[in-house]
Structures are given as C-alpha cells and as structure tokens.
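Taking it in order: structure first as structure tokens, then the write-up.
The values are calculated or read from the model by the stated rules, or taken from the named source; none is laboratory data. Keep in mind the model is a prediction, meaning the values are calculated, not measured. Don't worry about glycine lacking a Cβ; one is built from the backbone with ideal geometry, like all the others, and counts go over all protein chains shown. The accessibility values were calculated without ligands, DNA or RNA, using every heavy atom of the protein model including side chains. Shrake-Rupley method; radii C 1.70, N 1.55, O 1.52, S 1.80 Å.
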Amino acid sequence: GEDVEQSLFLSVREGDSSVINCTYTDSSSTYLYWYKQEPGAGLQLLTYIFSNMDMKQDQRLTVLLNKKDKHLSLRIADTQTGDSAIYFCAERGTGANNLFFGTGTRLTVIP
Amino acid sequence: KAGVTQTPRYLIKTRGQQVTLSCSPISGHRSVSWYQQTPGQGLQFLFEYFSETQRNKGNFPGRFSGRQFSNSRSEMNVSTLELGDSALYLCASSSGGNEKLFFGSGTQLSVL
C-alpha cells in the first residue's frame, strides 16, 4: 500500500522559517495535502497541491513538490508560536476521498 | 457556513458494547468519510459514503460499519468493542468531486 513518511519533530525559533518534509511512494497520487492538528482538535486543511504542479504559495505557506523524487515540503515563513502543532502530509489515493497520511511532524516554536 | 460537526465529543464504553458516532457534513457536501486516529497506527481510512452509498472502504474488520442518510448526515457504528478501538474518530466531508476534504473535531472514544 501507499507509504507516507515524515520526520517526527522539528523545533524552530519564532520569526524563523520552518520546513517540514514528506516523502511518499504512490506515483499515481493526484493531490497532496498539508493538514495541521492542534491539541484536542481535528485536522485543519492548510493547503494542497495538484500533482502536475511543482510549487504553490499561499500567504506564509509555500508548498514544493518534486514528483520525480516523490518529495513534498511545506515552508512556513516567519513562524509564530501559534504555529506550534502537528503537521500531517497526506496523499490522495486511487479511491475518491481516500487519503493516506504520514505520521505527522510535531513543530515546536521557541519564543 | 458551519463546519463538520461530530457528536458526541467524548465517549466512554466497556469492552463488548457497541457505539454509534454521528457526523453532520458541511451544508451541500455529499461525501462523508471516516478516519481512525491512534498513537500507534496514526490516521487510517475507514470508509467513505456518497449519496447514501459506500463508495470506498479501508482495511477494518466488519465490526466497523457506517451509513449515510438522505440529508448526507452519516453515522458509524462499532460493535463488540475491543480495547484497541480506543481512538479519535474523525469525520471529513467534501462536495464529492472536490479535492478539498474538511475534518470535524472528532469523537474521542475510550474503551475500558
């Protein structure tokens, strides 16, 4: 089956940029997503990218997709303490709304 | 526009019991999917319903079932609960053909 991998932890200082990385195995993925989860909450859709794009920017968020290497990254500019959360990368499988999630990266922002 | 609503927020059950969780999708959304989140297994897809029909199913035993009503609201049921069923159950909705999936806050199920 599909395998999506992320590093478990990332710490950055407030005001710096954060880069969260993700690798996936399914070359037929159509969409790739980034979700944010705060303690005790559900998943918040941050952004997504279609597989024929290589970059998408949305305010402080930049998504880069290297389809050849099956590598996805999320860059958060000017990281704030409110960005502290777990970030999940997900790929859309062959089913209609069947997402495969990574393990999540816990981002800690140090004031 | 209201988001995805899941009830109840918390549930405590004992082994062998059954449980029903409810999900109301965003207005106008016809697809509802369910995910299980545990510390050990992460986020795993359970099933998806569209227009009252199950359209896709993950690798879970038959004890896990669901249904969708004509107003797109969905319920999932877990019978003969096991300790390992303790998890956060998340519901997500989309318009069906749309690439955006929106999640609710989840139901935290504890099985004692």
Going by the conditions given, is A:Leu74 within 12 Å of another protein chain (Cβ to nearest Cβ), in a strand (DSSP E or B) and open to solvent by less than 30 Å² (accessible area, probe 1.4 Å)?
no
How many residues of segment B:1-45 are closer than 24 Å to A:Phe100 by Cα and free of Cβ contacts under 8 Å to residues at least 40 places away in the same chain? The answer is 6
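Each row is one residue, and each column tells you yes or no for (1) more than 19 Å from B:Leu46 (Cα to Cα); (2) among the charged types (D, E, K, R); (3) without any contact (Cβ under 8 Å) to a residue 40 or more places away in the chain.
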{"site": "A:Tyr87", "(1), (2), (3)": "yes, no, no"}
{"site": "A:Arg92", "(1), (2), (3)": "no, yes, no"}
{"site": "A:Phe100", "(1), (2), (3)": "no, no, no"}
{"site": "A:Thr105", "(1), (2), (3)": "yes, no, no"}
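With A:Leu43, A:Leu32, A:Leu64 as the choices, which residue is open to solvent by less than 60 Å² (accessible area, probe 1.4 Å), of a type in the set (A, V, I, L, M) and within 11 Å of the chain's Cα centre (by Cα)?
A:Leu32
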Only one of (1) away from chain A (no Cβ under 12 Å); (2) modelled with pLDDT under 95 does not apply to B:Leu81, and that is (2)
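Select, from B:Leu43, B:Leu21, the only residue that is assigned to a strand (DSSP E or B) and more than 12 Å from chain A (Cβ to nearest Cβ).
Result: B:Leu21 is the single residue among B:Leu43, B:Leu21 that is assigned to a strand (DSSP E or B) and more than 12 Å from chain A (Cβ to nearest Cβ).
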Counting only residues in segment B:84-109 that are part of a strand (DSSP E or B), open to solvent by less than 40 Å² (accessible area, probe 1.4 Å) and not aliphatic (A, V, I, L, M), the one nearest to the other protein chains (Cβ to nearest Cβ) is identified as B:Phe103
Scanning segment B:55-71 residue by residue, those polar (S, T, N, Q), at pLDDT 95 or above and within 14 Å of the chain's Cα centre (by Cα) turn out to be B:Ser65, B:Gln68
